[in-house]
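**Q** Let me begin by handing over the structure; questions about it come next.
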Amino acid sequence: VDGATVVVTTPSGEPLTQALARDLAGRRRLVFACGRYEGIDQRVLDHARSRTEGREISIGDYVLNGGEAAALVITEAVVRLLPGFRGNAESLVEESHEDGLLEYPSYTKPAVWRGREIPPVLLGGNHAAVAAWRHEQRVERTRRVRPDLLPPEEEALPGSVA
Ligand code: 6SD
């Protein structure tokens, strides 16, 4: 198809990241090719690549039974980045993986739910304190579950000397 990017979902592809999703969101048209059984015959891939731009993409280091679920995941990551998908463009920027840190924990109403309270700093009205607390939560969570993502300026542990 004219101007299309053919996306082949495969565990041997380049990893899907937010940056790759953003790249794909800028393409005119995406065509997904989903393998079954042994995947897609190499000649079909070569033919598609001779006529269009092709990307082989993996959604993670595990093996699915076919490419369809991976295509759905890629579609979800890309479509929400298209212009006009939702009103507040700024709210996208704060989310996990847009700036290398995981998201801070989210609290809504009520202030006490089944005996569990919202952290008091969030109810204090001090916006700078809220921002500092959320940043620390993001750093702590990233350090704990995804140390590979931690930006260099956050690598030192609190109290450590450079
Ligand atoms: C046989 C497929 C296509 C089988 C896949 C992609 C990822 N990240 N894991 N597994 C996959 C894709 C598996 O066709």
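The values are calculated or read from the model by the stated rules, or taken from the named source; none is laboratory data. If you're wondering where the values come from, they're calculated on a predicted model, not measured in any experiment. For neighbour counting, all protein chains shown are included, and Cβ atoms are generated from backbone atoms with ideal geometry for every residue, glycine included. To get the accessible areas, we keep the full protein, side chains included, count just its heavy atoms, and leave off ligands, DNA and RNA. Shrake-Rupley method; radii C 1.70, N 1.55, O 1.52, S 1.80 Å.
**Q** With a 1.4 Å probe and every protein chain left in place, work out the accessible area per residue of the chain in Å², rounded to a whole number.
**A** Dividing the accessible area of the chain by its residue count gives 70 Å².
**Q** A further question follows. In nm, what is the difference between 0.36 nm times the number of residues separating residue 52 and residue 36 and their Cα-Cα distance? Mind dumping the intermediate values first?
**A** Working: separation 16, 0.36 × 16 = 5.76 nm, distance 2.18 nm.
The span from residue 52 to residue 36 would gain 3.6 nm if fully extended.
**Q** With +1 on each Lys and Arg Cβ and -1 on each Asp and Glu Cβ, how big is the dipole of the chain about its Cα centre, in debye rounded to the nearest 20?
**A** Using only the charged Cβ atoms, the result is roughly 520 debye.
**Q** Quick check: at a probe of 1.4 Å, how many percent of the accessible area of the chain sits on carbon and sulfur atoms?
**A** Numbers: 6170 of 11310 Å².
Within the chain, the accessible surface is 55 percent carbon and sulfur.
**Q** Once you have a ≥ b ≥ c as the square roots of the Cα gyration tensor eigenvalues for the range 1-49, tell me rounded if a/c is under 1.5, and otherwise prolate or oblate according to whether a/b is larger than b/c.
**A** Because a/c hits 1.5 or more and a/b fails to exceed b/c, the range 1-49 counts as oblate.
**Q** Once R0 is set to 25 Å, what does the formula 1/(1 + (r/R0)^6) return for the Cβ-Cβ distance between residue 123 and residue 103, expressed as a FRET efficiency to the nearest 0.05?
**A** With R0 = 25 Å, the Cβ-Cβ based efficiency is 0.80.
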